[in-house]
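A quick write-up on the structure given underneath.
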Amino acid sequence: MKILITGGAGFIPSYLAEKLAEKPENNIVIVDNFLTGRKEKIPTSKHNNIKFIKCDVNDFKDISSVFYAYSFDFVFHYAAMVGVKRTQENPVSVLEDIYGIKNVLNLSKNTGVKRVYFSSSSEVYGEPVEFPQNEHTTPLNSRLPYAIVKNVGESYLKSYKQEFDLDYTIFRFFNTYGPKQSKDFVVSKFISSALNNKDITIYGDGSQTRTFCFIDDNITATTNAFYENKFINDVVNIGGDIEIPILDLAKLIIRLTDSKSKIIHLPALKDGDMTRRKPDVTKMKQLLNKETIPLEEGLKRVLQNTSFII
Ligand SMILES: NC(=O)c1ccc[n+]([C@@H]2O[C@H](COP(=O)([O-])OP(=O)(O)OC[C@H]3O[C@@H](n4cnc5c(N)ncnc54)[C@H](O)[C@@H]3O)[C@@H](O)[C@H]2O)c1
């Protein structure tokens with residue numbers, strides 16, 4: 001199978017590439033423009049069935065030559081501008097990712113791709129109106145550009161199915177963490193501060209809750225969906241389902257690292273810091289067939305490999 005992974009120099013997509021490369025019959029092409037990705041995250045040295053091409057997905061000429069050269073069977077479109085701070089400070093650049101989604105879908109339809117997998121986000125729910133957040137009953141309240149792009153992306157996938165019969169699966173990722181995550185995200189940011197005994201900063205009082213999903217559970221669920229042909233033309237939440245206030249996350253990380261860091265409270269963010277998030281993981285559980293990795297255990301695994309965090 002010829003598989004394209006966009007954004008494969010990044011955190012989640014590089015782990016996905018590594019997992020898919022375990023099967024020698026899979027030939028994987030990774031594209032990335034290194035916006036937030038790093039060459040060292042690409043698992044090419046471990047597997048000879050992964051090829052890396054530096055390429056900007058949002059640039060049609062650049063990405064189209066890759067599609068025409070390979071005739072992919074499956075595409076995982078995971079490239080995106082990410083990070084709360086970066087996406088809020090660059091609202092116009094974030095919207096450019098709509099072109100990338102359109103490029104990927106157009107080229108997939110024209111070159112015989114069998115299915116496109118898309119990394120959407122819990123952000124599409126915006127400030128949620130019900131818990132747990134369900135893929136089909138919870139209304140999408142997206143307001144910020146990053147969330148709107150994901151929402152538009154989902155709509156593009158559904159429209160390409162309707163008009164061109166291009167199959168898709170949408171994964172709505174909730175906070176995912178693991179060793180190769182960049183410091184744009186809360187777990188890596190807190191661990192980095194804790195290991196360096198620097199202040200851990202929290203927006204507001206820290207009572208806002210999140211759930212956390214260890215990278216292995218994300219990869220197991222998504223690759224099982226792929227290999228077992230499950231949730232075709234459907235949406236699946238991928239995340240943890242145990243809520244923890246951000247203040248408690250900071251305290252837990254301080255305890256696990258035996259750190260001298262102090263917790264400092266900054267003014268609450270005006271926009272985008274949802275009070276709660278909790279996915280309905282009924283569908284994800286059908287993909288995992290095992291218990292999810294508890295937060296404390298996952299954090300300990302991150303602490304065993306901090307080369308990308310420090
Ligand atoms: N990590 C999470 O908790 C989380 C939560 C929700 C959604 N997601 C989604 O999962 C996907 C992967 O995110 P991640 O956390 O691994 O972040 P990441 O920054 O590590 O990975 C994203 C990769 O995309 C690349 N990229 C960005 N724009 C590109 C472009 N135009 N052309 C080519 N490459 C480009 C970046 O360089 C980076 O390597 C993203 O689509 C993100 O929106 C992640």
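Values quoted throughout were computed directly from the atomic coordinates according to the rules given, and no laboratory measurement underlies them. Every value quoted in this text rests on a predicted model; they were computed, and no experiment measured them. Cβ: placed from backbone, ideal geometry, glycine included. Neighbour counts: every protein chain shown.
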State which stretch of the chain is the longest one without any exposed trypsin sites (Lys or Arg not before Pro), exposure meaning a DSSP loop state and at most 14 other Cβ atoms within 10 Å.
47-113
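Over all directions, average the projected area of the Cα convex hull of the chain and note it in nm².
Numbers: hull surface 59.1 nm².
The orientation-averaged projected area of the Cα hull of the chain comes to 14.8 nm².
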Could you run the Karplus curve 6.51 cos²θ - 1.76 cosθ + 1.60 with θ = phi - 60° over the range 231-245 and give me ³J(HN,Hα) per residue in whole Hz, x for Gly and Pro?
6, 6, 6, 9, 10, 10, 5, 10, x, x, 10, 9, 7, 9, x
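Exposed loop GluC sites (Glu not before Pro) only (DSSP loop, at most 16 other Cβ atoms within 10 Å): please give the longest stretch of the chain free of them, not including the sites.
131-227
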Once phi for every residue in the range 290-299 is put through the Karplus expression 6.51 cos²θ - 1.76 cosθ + 1.60 (θ = phi - 60°), the whole-Hz ³J(HN,Hα) values, with Gly and Pro written as x, are 7, 6, 6, 6, x, 4, 4, 5, x, 5
What is the pair-distance distribution P(r) of the range 142-271, computed from all Cα-Cα distances in 10 Å bins starting at 0, with each bin given as a whole percent?
11, 32, 31, 18, 8, 1
Amide H of PHE52 versus every other amide H placed in the peptide plane: which residues, excluding those fewer than 5 positions away on the same chain, fall under 5 Å?
ILE30
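Which of the residue pairs LYS102/LYS183; LYS19/LYS46; LYS19/LYS183; LYS198/LYS278 have a Cα-Cα distance greater than 18 Å in the structure shown? List each step's numbers first, then the result.
Details: LYS102/LYS183 29 Å; LYS19/LYS46 11 Å; LYS19/LYS183 23 Å; LYS198/LYS278 30 Å.
With Cα atoms farther than 18 Å apart: LYS102/LYS183; LYS19/LYS183; LYS198/LYS278.
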Given the -39500 (n - 2.57) contribution per DSSP H run of 4+ residues, what per-residue ellipticity at 222 nm results for the chain, rounded to the nearest 500 deg cm²/dmol?
-11500 deg cm²/dmol
Normalised by the empirical 2.2 N^0.38 Å for globular proteins, what value does the Cα Rg of the range 243-309 take?
1.42
Run through every distinct alpha carbon pair of the range 14-132 and return the Kirkwood hydrodynamic radius in angstroms, one decimal place.
15.7 Å
